[in-house]
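A short worksheet on the structure shown next.
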Amino acid sequence: MAIPASNSQPDPALVASNRFGLGAKPGDRDRIAGDPRGYLKAELRQPDIAMISLDDPAYASLLGSTPAIQASMAANVQRKLERERMAATQPAMATASVQDMPAQATPARPKPVQPKPAQSAPTQAAPAQPMPSPAAPAKPAVPPVEARLFRAEAQARFDKAFRAEAGFVERLVYFWSNHFCVSAAKGPIVRASAGAFEREAIRPFVLGRFADMLMAVERHPAMLFYLDNQQSIGPDSRAGRNRQRGLNENLAREILELHTLGVGSGYSQADVTSFARILTGWMMAGREGRLGEPGSSVFNANAHEPGDAVLLGKTYPAAGMGQAEAALNDIARHPATAQHIATKLARHFIADEPPPAAVTRLAKLFTKSDGNLRALAAALIDMPEAWSTPLTKMRSPFDYIVAIRRAAGPGPANDPGQSLNWLNALGEPLWQPPGPNGFSDQADSWASAEGMKIRFDIAWQAARQVKDIGNPSDMLDAIIGASASPETRQAVARAESKQQGLALLLMAPEFQRR
């Protein structure tokens, strides 16, 4: 099921709500149409607009990254003890069964009982097996602590998206969270702290300086754990000599290749190795707390490679943790970083093949403003290309689901389960990209026939949940306006029911594109 793209001049109100924002709510278009650029810029002037405050009673169940990681560590200890208890219990039970058998009988080989592995996310319960004798009803399964933390963070993210005025700042949060991604697939620690990582390392800096966000991201325990800097030991450090362990280059490589300079920007393998040496000692404190508070970001001087280091032609004197901080500050201001970030921003907000002139202007502003991300966001709004380029990009699964909720209603209260399931079905599970390069930002990645079929199923499910649907044609005018094609208008008007009309609206090309 293809979603055709219009090549006509886009409606400014639709550009504001779809290209920059998270989708219009009923009644938004009148406010947008008068001054679309001003509507977007108003968000940039609001203090702390990106923040999710733990002081808000609605988010009382959220934890900071360090206590979240500590909770995961404690849960993992309990799971390990439970596995050991089960392993010790099963042989004893088998021995007792053999001793109770008649002497002449040949003991049957007891079937091995595999302990159930710990799960980092809730799974569907297996069908109940017949019990040999009556037993008390089983207690409901309690989700692992990591799953509870994850769902609470997901609910907070969805709530923030639903309540946003335009949603431009939220879109910036998602852009940077995908640029500096971690993945819950890494294991329980990242699953427990992925939401906190976004709240602590992305949201406070999304309208600040790129260098500050870069430093916060790379020092965050979730990132250090995700990219294995725990395992990176300076070969000539005290720990390296004692343990005969060496470097892990994952963090250094992804910083250069994905987070800053970009592929083909001129750095070499020698730079990756040197940067990995510079970054040694940056790690997350373990459960024992020998290096600091468990789950916190620490610098382990015993694991840091001693001596000066050369990176990108510059010598960085030995300075402990300050050596890596100096290197990160320089990389943040490198011309290749400006070009890489400008290209990604233009690709995300304008077109898969971004206009070269727009990229050039963004890169120059990045350099001139010392990576001022608020200035870059304002510049995107002011770019003529952003308002003249046809809406050919496809809404990502998260953007699409949020747009549905904003148009048709928020869905089940205080339960992110359905939205999370929809994201999984569409191939963009929350905070779980397939690799350190994040989810694709190309339209073709989300426009497959199978993906369109799943979107239609989701649109129909969402429409059926709306209790009081007005006239779908009126909703079409309120959400899409004059940009709706005659074909879309006819399909919605001829729908057999209000639910079907709403579902067709939510599947319309004008609703899907940004």
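Which loop-located trypsin sites (Lys or Arg not before Pro) does the stretch 167-246 contain, where loop means any DSSP state but H, G, I, E or B and the Cβ has at most 16 other Cβ atoms within 10 Å?
Values: sites: R171, K186, R191, R199, R209, R219, R238, R241, R243, R245; in loops: R245.
In loop regions of the stretch 167-246 (DSSP not H, G, I, E or B), the sparsely surrounded trypsin sites (Lys or Arg not before Pro) are R245.
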Seminar exercise, completed: Phi-derived 3J(HN,Hα) across the stretch 297-302 with the Karplus relation (6.51, -1.76, 1.60, θ = phi - 60°), rounded Hz, x for Gly and Pro, is 7, 9, 10, 9, 4, 5
Problem set entry | Residue-averaged 222 nm ellipticity for the chain, from DSSP H runs of 4+ at -39500 (n - 2.57), nearest 500 | -15000 deg cm²/dmol
For this session: Would you work out the charge dipole size for the stretch 442-514 about its Cα centre, treating the Cβ of every Lys and Arg as +1 and the Cβ of every Asp and Glu as -1, and quote it to the nearest 20 debye?
Result: 100
For this session: Would you kindly give the portion of the calculated P(r) for the stretch 372-495 that falls above 16 Å, as a percent of all Cα pairs?
Result: 72
Exercise. Are any of the pairs K344/K368; K80/K186; K344/K453 more than 21 Å apart by Cα-Cα distance, and if so, which?
Worked result: K344/K453
Seminar exercise, completed: Taking GluC sites (Glu not before Pro) as exposed when in a DSSP loop with at most 14 other Cβ atoms inside 10 Å, the chain has its longest clean stretch at 1-287
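Determine the share of the chain's accessible area contributed by carbon and sulfur atoms, expressed in whole percent, with a 1.4 angstrom probe.
Whole-percent figure for carbon plus sulfur exposure: 54.
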Seminar exercise, completed: In terms of the alpha carbon gyration tensor, root eigenvalues a ≥ b ≥ c, rounded if a/c is under 1.5 and otherwise prolate when a/b exceeds b/c or oblate, the stretch 138-252 is oblate
Exercise. Ordered by residue, what ³J(HN,Hα) values in Hz, to whole numbers, does the stretch 236-248 give under the Karplus form 6.51 cos²θ - 1.76 cosθ + 1.60, where θ = phi - 60° and Gly and Pro are x?
Worked result: 9, 6, 4, 5, x, 5, 6, 9, 6, 10, x, 6, 10
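With a ≥ b ≥ c the root eigenvalues of the C-alpha gyration tensor of the chain, is it rounded (a/c under 1.5), prolate (a/b larger than b/c) or oblate? Let's see the in-between values first.
Working: a/c = 2.36, a/b = 1.16, b/c = 2.03.
Oblate, since a/c reaches 1.5 and b/c is not below a/b.
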For this session: At 0.36 nm per residue, minus the direct Cα-Cα distance, what do R494 and D55 gain on full extension? Give it in nm, one decimal, please.
Result: 153.2 nm
For this session: Under 18 Å Cα to Cα from K25, which aspartates and glutamates show up? Leave out anything in the same chain fewer than 8 places away.
Result: D11, D35, E43, D159, E165, E170, D399, D468, D474, D477, E510
Exercise. Under 5 Å between amide H atoms, partner at least 5 residues away or on a different chain: which partners does R209 have, H built in plane at 1.01 Å?
Worked result: L373
Exercise. Non-local amide H neighbours of L311 (under 5 Å, H modeled in plane, Pro and chain starts lacking H): which ones?
Worked result: Y316
Problem set entry | the stretch 251-310: C-alpha gyration tensor shape, a/c 1.5 cut-off, then a/b vs b/c | oblate
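First select every other residue whose beta carbon is under 15 angstrom from the beta carbon of R203; then total the charges, Lys and Arg +1, Asp and Glu -1. It would help to have the intermediate numbers written out before the result.
On the way: positive: R157, K160, R163, R171, R199, R209, R374; negative: E43, D48, D55, D56, E153, D159, E170, E198, E200, D212.
That works out to -3.
Skip the ligands, DNA and RNA, and give the accessible area per residue of the chain with a 1.4 Å probe, whole Å². Walk me through the numbers on the way to the answer.
Numbers: 23710 Å² over 514 residues.
The answer is 46 Å² per residue.
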Exercise. Aspartates and glutamates near K364 by alpha-carbon distance under 18 Å, same-chain residues fewer than 8 away left out - which ones?
Worked result: D330, D382, E385
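Just flag the trypsin sites (Lys or Arg not before Pro) in the stretch 394-478 sitting in loop per DSSP whose Cβ has no more than 12 other Cβ atoms within 10 Å.
Hits after loop and neighbour filter: K467.
The values are calculated or read from the model by the stated rules, or taken from the named source; none is laboratory data. Every value quoted in this text rests on a predicted model; they were computed, and no experiment measured them. Please note: Cβ atoms are built from the backbone with ideal geometry, for glycine as well, and neighbour counts cover all protein chains shown. Surface accessibility is based on the protein's heavy atoms, side chains included, excluding ligands, DNA and RNA. Shrake-Rupley method; radii C 1.70, N 1.55, O 1.52, S 1.80 Å.
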